[in-house]
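Worksheet for the structure shown next.
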Amino acid sequence: MIYNMYTKLNQKTVSTIILLIVAVSMVISQKIPDFGIIPKPEIVQWNGKYSEIHNINKGTTTFSQYEKNIFEEFFAKAENSSSKSAGILFDIDETFQDEEYELNISKSEIRINGGSRKSLQYGLTSLLQIIRFHGFPLPEVYIRDKPALRYRGMHLDVCRHFFSVKEVKKYLDYLAYYKYNHFHWHLTEDQGWRIEIKKYPKLQEIAAYRKETLIGHYSDKPHKFDGQKYGGYYTHDEIREIVAYASERHISVIPEIEMPGHALAALAAYPELGCGGGPYEVATKWGVFEDVFCPTEETFSFLEGVIDEVISLFPYQYIHIGGDECPKESWEKSAVCRDIMKKNGLKDTHELQSYFIKRMEQYINAKGRKIIGWDEILEGGLAPNATVMSWRGKEGGIQAAREKHDVIMTPGSHCYFDYYQSESPDEPVAIGGYTPLKKVYHWNPVPTELKEAEKKYIWGGQANVWTEYIKTFDHVEYMAYARGMAMSEALWHAQKAYAEFLKKFVLHQEYWSGQGVNVANHIFEIKPVFESGNGKGVFVQFDDIPEGKKVIHQYGDTSESGFRFSLVEKCSHQFFVDGKNKSKPLQIVFHPHLGARSLIKIDPLPSAKYSGNGPGSVVNGVSGSDHKYGGTEWLGFEGKDVRISLDWEKPQKISKVTLRFFKGEGQWIYLPRMAEMKILGKNGILLKKVSNKDIQAESKIATIVFEVDAQEVSTLQFLIQNYGVIPNGAQGAGHGAWLFIDEIVVE
Ligand code: ACM
């Protein structure tokens, strides 16, 4: 049979197949996946051989200054070495797409072909990473590569904290290294205006500086301030220098000029632009402020003047005009706004915001440019040519794509690099949330809810680096660079290969650390995954264990599959990964109680963003952090009442039940309005209830204690009433409050 098949196929086909099998197994047997390249290239084919090239020389190619800089160290080595060196042969090939390239390292030649100068630079960047992470002799490898998404961006907020020209350039170098092609520069805010506008000198004198800054987290009350003047701005020359620097790296710069909200700094300089007349002060703490630009002719004329200068400085087609988080109180109160609404047939202040954005769009379009806005610009009607940046979730992006508008996805859940990246109690203070490396890596920027024809409107995705809690550039690196690598792969390559990515990440992380760059490294932190609330006690397994390693309990008794807690005594357990790369131990303080033996039901289920290890998280005998609500312990419910029941197979004697809630009003998290508990047992039903006025928080945690003396209890039922709509004047006004619950301790 085999013989027959062989005779039917011609010999050439067979040898091609054999060669292919060899090539595929060679690719699989590579020690360093993708020869260290991040983001993962689309096609990597290695023939298993090494080229004779042991050095790179300048050759005859014309390099840009940037390219010369990144290869300088190799060029120098090549000149001083007797080993065989090669130049790099570049060719622009119009059959390639704009960002597509081909890198071919053969026995004695290195060729890069691509559709544009940008493609060639991407090929060169891949070559650089092969040299750095694989080294000489180079593999005889063929790479053909192009991105899955056309827009790959990183953002930087320079308003909450200001970064020097040198630091912004470092950021651009990092972006280029991971093939990002957009830099979203957040230049104006309540806390500071950072772009020189020559027509309005008070923006430089007044709006660029705040008198002091909040110390600690916004949720730490009472607020304390540092008493130190803070600020700065970029001059026209500095902006031109940065734009040129970006351009040389094929990065387009999108300036963001916020309107109508987040405008307090501008109002402090020009109070006539607010509805209330002022005086206003550049904000000294974080959040959303009621004072915003008033939609008058005077404001439009001012903003048009600003846009004129912005256009003269930024050559890219797009200008971001914000549009997010604009409270409408000052407009509701204003007779001027009522007049404008009447004159323009606008039925509410959402339509007034839409009118504002549309007017600015018209002005910007007339100058040959286009606008981008945060997803709030959908409210009250989208401006005709606007691109939407979807940040509050993916819903805004889905709606905009369905309305045939271009979309950049940047949902807080995956793209906000100001969120915590680790659950370790040692992490520096961050705004909140929990977005570890792995979550970023597995993000799919293109919502599966969209039909094929709608998906083309998803231009790409972006990570945002808001800097309320990021004072220094070193800290920007810490928050952004590790996750930025994962994001680059999520945006570039549709196929996920996390285990391979981690191997490359280790090399990149070591490289950057060696360069004095503060790239976070949490990949050897093991993460607990609890199984609880199923009536069978508490069991823990571990996630993110490096390949070939296992988790050891401090007494050396973890089984392969995990660890079951004894339900008898309070105990502190330490787990660590064996081998050379020991992690910091994972500490779990386990406090057994009757809840840990119960079967739990929760209705509705927690939000997917804050679902811990599922409903059982609140009866696993482990208490969530007193400071952070992300992670495996706290469960978050958005705008909803929650019903929880705990059942026991055998009736229990219960004396006390304690519920725990998180309070972080700055993060839209409120204590419940009411909590009640029904005790179902041999003696019928007993009801216990507490209302809002009796639910008090000391700092961020509130506990409710129900003292009871009940025998033979088979079920506890809880109804926990959500606070409801967040009131005017507070952060997140108008949205449904979040409710966060952690351990329900039953004793
Ligand atoms: C945003 O985070 N306010 C866009």
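Annotations for the structure displayed:
- Considering only the Cα atoms of the stretch 101-236, their convex hull presents on average a projected area of 12.6 nm².
- Antiparallel content of DSSP bridges confined to the chain, in %, to 5: 70 percent
- Between Lys77 and Glu238, the contour length at 0.36 nm per residue exceeds the alpha carbon distance by 54.5 nm.
- Coordinate range along principal axes, alpha carbons of the stretch 303-346, Å, largest first: 38, 22, 16
- Taking 19 Å as the cut-off, the amide N atoms of the stretch 662-676 that come nearer than this to a point 7 Å along the Cα-to-beta-carbon line of Asp324 belong to 665-669.
- The Cα center of the stretch 201-260 and the Cα center of the stretch 318-351 differ in position by 26 Å.
- Packing around the peptides 351-357, 423-429, taken as the average count of other Cβ atoms within 10 Å per residue, puts them in this order, highest first: 351-357, 423-429.
- Per-bin percent of Cα-Cα distances, the stretch 193-235 [10 Å]: 29, 36, 25, 10, 0
- Amide H contacts under 5 Å for Met389, placed H, 5+ residues apart: Gly373, Trp374, Asp375, Ile408
- Cysteines in the chain that lack a partner Cβ within the 4.7 Å cut-off: Cys159, Cys326, Cys337, Cys415, Cys571.
- Förster radius 56 Å - calculated FRET efficiency between Ser64 and Gln399 (Cβ-Cβ, nearest 0.05): 0.85
- When Rg and Dmax are taken over the Cα atoms of the stretch 199-267, they come to 16.2, 48 Å.
- Value of Rg/Rh across the stretch 514-656 [Cα atoms, Kirkwood radius]: 1.02
- By definition, a body whose alpha carbon gyration tensor gives a ≥ b ≥ c is oblate when a/c is 1.5 or more and a/b is not larger than b/c, and the stretch 260-370 fits this oblate description.
- Rh by Kirkwood over Cα pairs, then Stokes-Einstein D for the stretch 370-483 at 1.567 mPa s and 4 °C, µm²/s: 87 µm²/s
- If you take the Cα centroid of the stretch 635-703 and the Cα centroid of the stretch 41-74, the two points sit 63 Å apart.
- The order of Ser598, Ser714, Ser312, going from fewest to most other C-beta atoms within 10 Å of their C-beta, is Ser312, Ser714, Ser598.
- Most tightly packed first, judged by the mean number of other beta-carbon atoms within 10 Å of their residues, the peptides 510-518, 323-331, 523-531 read 323-331, 523-531, 510-518.
- Rh (Kirkwood; distinct C-alpha pairs) - the stretch 244-305, Å: 13.1 Å
- Kirkwood hydrodynamic radius of the stretch 58-125, Cα pairs, Å: 12.5 Å
- Two-decimal ratio, the chain, of alpha-carbon radius of gyration to 2.2 N^0.38 Å: 1.07
- Ordering of 433-444, 485-496 by burial proxy (mean other Cβ atoms within 10 Å per residue, highest first): 485-496, 433-444
- The fewest-to-most ranking of Leu502, Leu273 by surrounding Cβ atoms within 10 Å reads Leu502, Leu273.
- Which of Ile92, Asn385, His54, positive extreme of dipole for the chain (C-beta unit charges): His54
Taken together, the values in this text are just the output of simple stated rules run on the coordinates, not laboratory data. In this text the structure is predicted, and so the values were computed from the model without any measurement. Positions of Cβ are backbone-derived with ideal geometry, glycine not excepted, and every protein chain shown enters the neighbour counts.
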